[in-house]
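The values are calculated or read from the model by the stated rules, or taken from the named source; none is laboratory data. Bear in mind that the values here come from a model prediction, so they are computed numbers and not experimental data. No Cβ is skipped: glycine too gets one built from the backbone with ideal geometry, and neighbour counts run over all protein chains shown.
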Amino acid sequence: MGEHNNLRQKNWIVVFSLFFFSFLFFSFSFVSAYSINSLDTLKVVSAQENLGAFKINSCINLIQTCDNCSFINISSINYPDSSQALEEVTMQKSGTFYNYSFCDTSILGNYIVSGYGDNNGQISTWTYIFEIIPTSEKGSLLIIFVFLLAYGLLIAGILGKNISMTMFGSLITIFASFLGFQGIYTFKNTTTDVISFITLFFGAYWMLRASMAYLETGGD
């Protein structure tokens, strides 16, 4: 009997340690990423004009107008993490309108576009940004459905005192929180991140509670 209790105690410690350190790791990762991205965004927005927001994996028409230019080039396009997405390229000219279609938009956040032209025979530079937002409306409906399903299963398991359903609902809730960090439709801000953090904490907490109850009952 004593050995059996010691085994349960060791299992409880293992489970608690696993979920505690996993939760700390994921929380720290998301907080760090969000903080860095937020600082970069504030710095960028204050320095450049904004072309607008576009959906992920879409093609963006980068445009410029100039009455007295014979050419306009894009000197660089930088991803949100500051790595270079594109080196120098010449924009297509149509009268006084210049355009370049950029389709490498698989990363969320603010992209920096820099270029130059020969306005009145003198080289002048320009810079602006555009933002890539998370998902389409269809993708967001799926995320919302996963959130509702996760909370529904978890609450049903808690109220019904069903350990297996609580554990399963907790896993889906944790998964839903990771989806939430990607944003919902055009929204990816402090509100969506806070909701995702709460969901992650809620799922991890009840997963730990359900795991402890499972070990205490011996899986019965």
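Of all residues being small (Gly, Ala, Ser) and surrounded by 15 or more Cβ atoms within 10 Å (Cβ to Cβ) in region 85-133, which is farthest from the chain's Cα centre (by Cα)? Just the residue, please.
It comes out as Gly117.
Would you call Tyr185 under 30 Å from Asn78 (Cα atoms) and modelled with pLDDT of 85 or more?
Judged against the criteria, Tyr185 is not a match.
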